Amino acid sequence: MNRHRLRKLAGQAGVIFAVLVLLSPTVFFFFWMASLSLKNEVDNMAFPPVFIPHLPTLANYAKVLAENEFGRDTLNSIIVTFSATALALAIGVPAGYGVAKAKATGSATLILLARVTPALSFLIPLYLIFQKLGLLGTLVPLVVTHLVLTVPIVVWIMIGFFEGLPPDLEEAALVDGATIWQAFLRVAMPLARPGITVATILAFIGSWNNFVFGIVLAGRTTRTLPVAVYNSMTFEQVSWGPLAASALVVTAPVLILTLVMQKQIVAGLTAGGVKGG
Amino acid sequence: MLPPARAGGGYARRYGLFSVPAAVVVLAVIVLPWAFTLAMSLADWSPTGGTSWVGLANYRHLFTDPEFGWAVLRTFYFTAIGVIAPLVLGLIAALCFNQRFPLRGAARTVFILPMMATPVAIALVWSMMFHPQLGVLNYLLTSIGLPPAAWTYSETTVIPTLAMIETWQWTPLVMLILLGGLAALPGDPYEAARIDGANAWNCFRHITLPLLWPHIVVAAVLRTIDALKSFDIIYVITQGGPGTASETMNIYLYQQAFAYYHLGFASAVTLVFFVVIVAVTLVMLGLRQRSLAL
């Protein structure tokens with residue numbers, strides 16, 4: 001009996017050790033990211049590297065936030081991400097319901113096809129079309145292309161959620177004379193609210209993180225934050241502190257969202273295998 | 001009077017209306033561009049205007065361009081590491097997170113951060129860590145007595161290094177899929193095995209692995225699709241360099257399309273690239289069928 005307990009304890013210690021090993025690259029990575037952003041240039045260029053800053057400074061953040069274009073880039077990111085997420089919900093939630101109810105598995109395959117297709121392959125034709133329409137200097141191309149990303153995420157997650165709902169309540173509503181639109185709006189939608197939350201978070205993160213559509217379609221005044229960070233990396237003097245600070249500022253909303261909503265995010269990712277990036 | 005089957009069909013059709021807006025969007029931004037790409041791949045397009053039909057010349061050029069052949073090989077090299085390593089590590093991680101231990105929820109949240117964080121931001125910090133003289137990674141290596149590595153600065157190490165980031169980023173997704181699979185496993189076979197005196201390894205080998213296999217295949221297929229398409233990290237850190245040592249199919253495609261504006265040729269690349277991804281996916285799904293039959 002005693003040996004059994006001992007073995008169990010050793011097993012638990014082994015699991016904890018394995019988890020610590022698996023987590024260490026991530027913990028070190030984000031520690032280092034924060035460390036770079038809080039150190040002055042001398043400490044950042046020191047070798048051997050300075051791990052804990054002697055005099056932590058917020059100067060790098062101040063520099064990033066004071067930059068002329070930072071406000072505009074942030075606003076662009078917010079407009080694009082919110083529009084792409086809201087439009088995807090308006091289009092995708094009813095579609096998920098329709099597909100789930102009609103048991104139309106063919107359309108689910110179509111959504112899967114969107115995942116298989118490289119994002120760049122939409123970009124060549126869309127680039128030419130937007131150029132023809134004279135829209136390249138606006139945010140419209142970005143919002144539209146982000147739909148390529150967000151609509152499949154929303155539809156995919158909502159199909160799963162609506163399929164899991166018991167049909168009894170809607171059927172009762174239909175028997176009582178409700179139209180299918182009313183049954184959807186008044187009965188199914190409120191029940192699927194957790195699913196809508198998951199879909200919203202994942203669509204938001206996917207759109208916020210997106211880089212490839214922006215690098216092709218955005219101009220200097222319409223670039224989103226990931227493109228801005230990339231530009232500051234290539235075009236300006238390489239100075240690690242402000243770069244690390246801007247990287248952290250850009251990804252902070254996503255990291256905070258993940259920490260706060262981890263339960264919903266894990267549920268959504270596990271169900272759909274959808275990726276956020 | 002309508003037969004019941006017809007009535008049901010009518011219902012299904014009415015539910016179809018819910019999908020109309022999504023269908024319009026899919027048509028406009030997914031199907032239409034596809035048709036456009038197909039047409040473009042048969043044309044020569046120049047930024048100064050003017051499109052001329054060139055038939056299959058773009059494809060002929062593509063299949064005789066050694067640079068494209070190398071890009072395909074590099075993509076497979078990158079993908080092989082970027083699928084196998086996350087699957088192995090993700091399986092280990094899922095088995096760990098399936099056990100009870102203190103602060104499990106918090107640990108799992110930290111573990112999934114790499115796949116949620118903005119790829120450009122991540123790539124930027126990694127590239128600072130790879131710096132040959134001032135980077136923290138070489139400091140860590142030398143401080144434990146290992147020689148410094150060239151990371152993304154050498155033609156031989158650049159692909160493994162990028163695949164390492166890919167692994168770090170996407171092991172969490174594999175872990176989550178397999179964790180979902182583990183949670184759904186029945187308890188009975190384990191009870192029976194324990195009564196028969198099976199040890200932990202035998203339980204894993206003969207019960208967990210076979211039952212988890214369908215989930216492993218799903219994770220492998222998704223990972224393969226995503227690794228073949230990997231773009232952000234590679235583009236931000238190396239842009240295909242040094243030289244063309246990390247120029248995968250997707251980077252090659254990007255360069256052709258938006259650095260040189262060979263849009264007709266790039267359209268042909270897109271279609272071939274898509275066919276490659278679909279072919280690999282179908283082969284892997286075929287493996288799944290076989291393994292289920294076994």
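The values are calculated or read from the model by the stated rules, or taken from the named source; none is laboratory data. Since this is a predicted model, take the numbers as computed values, not measurements. Every residue, glycine among them, receives a Cβ derived from its backbone with ideal geometry; neighbour counts consider all protein chains shown.
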Tabulated pairs, segment B:180-205, first within 18 Å of B:PHE97 (Cβ to Cβ), second among the β-branched types (Val, Ile, Thr), C-beta under 6 angstrom, 6+ apart or interchain: B:GLY180/A:THR270
Residues of segment B:193-217 classified as out of contact with any helix residue (DSSP H, G or I) (no Cβ under 6 Å at 6 or more places or on another chain) and farther than 16 Å from B:ALA183 by Cα, total: 11
Could you tell me whether segment B:76-96 includes any residue that is at pLDDT 95 or above and of a type in the set (Ser, Thr, Tyr)? yes
Hey, any hits in segment B:119-130 for a residue that's of a type outside the set (Val, Ile, Thr), within 15 Å of A:PRO49 (Cα to Cα) and more than 11 Å from chain A (Cβ to nearest Cβ)? yes
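So that you can scan it fast, the table gives a plain yes or no per residue for (1) more than 10 Å from chain B (Cβ to nearest Cβ); (2) small (Gly, Ala, Ser); (3) crowded, with 18+ Cβ neighbours inside 10 Å:
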| position | (1), (2), (3) |
| --- | --- |
| A:MET33 | no, no, yes |
| A:LEU38 | yes, no, yes |
| A:GLU41 | yes, no, no |
| A:ALA62 | yes, yes, no |
Within segment B:209-234, which residues are buried (at least 23 other Cβ atoms within 10 Å of the Cβ) and either among the polar types (S, T, N, Q) or more than 15 Å from the chain's Cα centre (by Cα) (or both)? B:SER230
Do we find a residue being of a type in the set (A, V, I, L, M, F, W, C), crowded, with 24+ Cβ neighbours inside 10 Å and either within 26 Å of A:GLY98 (Cα to Cα) or under 16 Å from the mean Cα position of the chain (by Cα) (or both) anywhere in segment A:128-144? yes
Among the residues in segment A:3-10, are any within 31 Å of the chain's Cα centre (by Cα), surrounded by fewer than 16 Cβ atoms within 10 Å (Cβ to Cβ) and of a type outside the set (Phe, Trp, Tyr)? no
Scan segment B:62-75 and give yes if some residue there is closer than 27 Å to A:PHE204 by Cα, in a helix (DSSP H, G or I) and within 20 Å of the chain's Cα centre (by Cα), otherwise no. no
Looking at segment B:109-185, what helices (runs of 4 or more DSSP H) fall wholly within it and have at least 2 residues that are out of contact with any strand residue (DSSP E or B) (no Cβ under 7 Å at 6 or more places or on another chain) and modelled with pLDDT under 90? B:158-183
So A:PHE70 clears everything in (1) of a type in the set (Phe, Trp, Tyr); (2) surrounded by fewer than 19 Cβ atoms within 10 Å (Cβ to Cβ); (3) outside the structural domain of A:ILE159 (by TED's automatic domain parsing) except one condition, right? Which one? (3)
Of all residues in segment B:94-108, which are within 7 Å of chain A (Cβ to nearest Cβ) and part of a loop (DSSP other than H, G, I, E, B)? B:GLN99, B:PHE101
Options B:ALA149, B:ALA117; residue that is assigned by TED's automatic domain parsing to the domain that holds B:THR79, small (Gly, Ala, Ser), in contact with a Ser or Thr (Cβ under 7 Å, 6 or more places away or on another chain) and surrounded by fewer than 24 Cβ atoms within 10 Å (Cβ to Cβ): B:ALA149
Go through (1) surrounded by 22 or more Cβ atoms within 10 Å (Cβ to Cβ); (2) within 12 Å of chain A (Cβ to nearest Cβ); (3) of a type outside the set (Phe, Trp, Tyr) for B:GLU247 and report which single condition fails. (2)
For a quick check of your reading of the model, give me the residue pairs whose first member lies in segment B:140-157 and is over 28 Å from B:ALA71 (Cα atoms), whose second is in a loop (DSSP other than H, G, I, E, B) and of a type in the set (A, V, I, L, M), with beta-carbon atoms closer than 7 Å and at least 6 apart or on different chains. B:LEU141/B:ALA149
Condition check for B:LEU209: more than 24 Å from B:LEU42 (Cβ to Cβ) and either in a helix (DSSP H, G or I) or away from chain A (no Cβ under 11 Å) (or both): yes
